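The values are calculated or read from the model by the stated rules, or taken from the named source; none is laboratory data. It should be emphasised that the depicted structure is a prediction, and the values quoted were computed from it without experimental measurement. Neighbour counts are summed over all protein chains in view; Cβ atoms, including those assigned to glycine, are modelled from backbone coordinates with ideal geometry. Just the protein is used for accessible areas: all its heavy atoms, side chains included, with ligands, DNA and RNA removed. Shrake-Rupley method; radii C 1.70, N 1.55, O 1.52, S 1.80 Å.
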Amino acid sequence: DEEEEEEEKVSAKKASTTKRKSGVSLAPAGTKPKAAAFSSIPAAGAKDLTPTKKQAKKAPVASSGSPHHVPPKPPANADRELKEKLEGSHDLGGAGARDGFASREKDQKFKFLHPDYIKDGQGRKKGDPLYDPSTLHIPQRWFKDYKISPGQRQWWEFKSENFDAVLLFKMGKFYEMYEMDAHIGVEHLGLTYMKGEQPHCGFPERAYANNAEKLARRGHKVVVIEQTETPEQLAERNRKRKQQGQKNCTVVNREKVAVLSPGTLFDAEMVRNSPQQAMVVTVCERVGGASDDGGDKVVEVGVSAVDVTTGRMLVGQLEDNLMRSKLNTFLKAVRPVEVVTPPPATGFMSKETKGMLKKLLQDSA
């Protein structure tokens, strides 16, 4: 009997130790259990992660009152999409946020863009009959006076040569849109402005075909600027420049690689949803003397039409009247999505024909 009692005492002692390790109170039956001395036993050598009272006080609290996880800041070279999700760098609203840049764009810094001062690449003002709206004059001292970064200078130089186009400026794996182009990206592509005082938005390269097509079909000329040099190639180029006593370049080379417009879309992904023909038409004219039967003056019109997706091409010359009746019939038959006319410096285009072409394109849009 004494041996059995001794064994029961040993068993009870073992059970007591086991229950204490599991954090269970050992209070006798019928009494209120006290709180466990500890809830877990860390493994040998493990660091105790239980926050001190001071740490717990500083920890942010969710609506439920319990501390929540605060995501760490991403490294500088983290994927931009992840960085934007963590830092909220796109939280600036859509098209309505454009008003926030109004005062900046009227600043003296951009005087060369003001309607009263704007000039083309050759220094001609808007009133000049030879004014070329596809180029922009930027004073060279402007880059130095306002400390424009090398990367931004590169963008402005491309923009000055393609002022009538929207630039898709490749940086890494993203296409960036700056200044006046950023407003178009927000309005027509549903993008949002990036943080900062400069209008800026962008999209990943996987969205290129979809966004470039959207811009072109809305009537914009799109110029694609791609990187043609890797950072490693830039480093090698700078090594050679150093040997020649030249300064280092801080930006990779970029080149204009494509021009897209409503009538020049031929990428399979861009034309997949629009199988109908998309004609580009060129028109030139010359107003001559009276017709052979002594009637009204004759207008000689040269026309060509091409569908770049199929290679189909039409070329012809029309002897038309002052109402351009034949030209009007031709254009309504081919239904062009884009019309190319000669620049003022190289060809003639009457106001009547310009007006008819403009109305035709507006109606087709």
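Applied to the range 105-117, the Karplus parametrisation 6.51 cos²θ - 1.76 cosθ + 1.60 on θ = phi - 60° returns per-residue 3J(HN,Hα) values of 6, 8, 5, 4, 4, 10, 4, 5, 9, 5, x, 6, 10 Hz, with x for Gly and Pro.
A 1.4 Å probe run over the protein chains yields, for the range 96-167, 61 Å² of accessible area per residue, whole-number rounding. Each of H200, V259, V301 was scored by the projection of its Cα onto the charge dipole of the range 160-314, and the greatest displacement toward the positive side belongs to H200; charges sit on the C-beta of Lys, Arg, Asp and Glu.
Computed packing ranks the peptides 248-259, 155-166 as 155-166, 248-259, most packed first, by mean other Cβ atoms within 10 Å. Candidates W156, P133, G123 compared by Cα position along the dipole of the range 91-157: farthest toward the positive end lies G123, with charges placed on Cβ.
With 31 Å as the limit, the listed pairs K144/K173; K170/K332; K170/K247; K109/K242 have K170/K332; K109/K242 beyond it between alpha carbons.
On a per residue basis, the range 200-298 carries 61 Å² of accessible surface, using protein heavy atoms and a 1.4 Å probe. Working from label points 7 Å from Cα in the Cα-to-Cβ sense, the R104 to Q246 distance is 3.3 nm. In sequence order, the range 196-212 has phi-based couplings of x, 7, 8, x, 7, 8, x, 8, x, 4, 5, 9, 4, 4, 5, 6, 5 Hz under the Karplus curve 6.51 cos²θ - 1.76 cosθ + 1.60, θ = phi - 60°, and Gly or Pro positions carry x.
Computed from the Cβ-Cβ distance with R0 of 51 Å, the FRET efficiency linking R239 to N273 stands at 0.60.
Under 5 Å from the amide H of E229 lie the amide H atoms of N253, each residue being 5 or more positions distant or on a separate chain, with H modelled from the backbone and absent for Pro and chain starts. Computed packing ranks the peptides 350-359, 320-329 as 320-329, 350-359, most packed first, by mean other Cβ atoms within 10 Å. Ignoring any ligand, DNA or RNA, what whole percent of the accessible area of the range 314-354 comes from carbon and sulfur when the probe is 1.4 angstrom? Carbon and sulfur: 57 percent of the exposed surface of the range 314-354.
In angstrom, the C-alpha Rg and Dmax of the range 184-268 are 17.2, 49. Phi angles of the range 152-160 translate, via the Karplus equation with coefficients 6.51, -1.76, 1.60 and θ = phi - 60°, into HN-Hα couplings of 5, 4, 4, 5, 5, 5, 5, 5, 5 Hz per residue; Gly and Pro are given as x. A cut-off of 5 Å between modelled amide H atoms, ignoring neighbours fewer than 5 places along the same chain, links V340 with V281, T282, V283.
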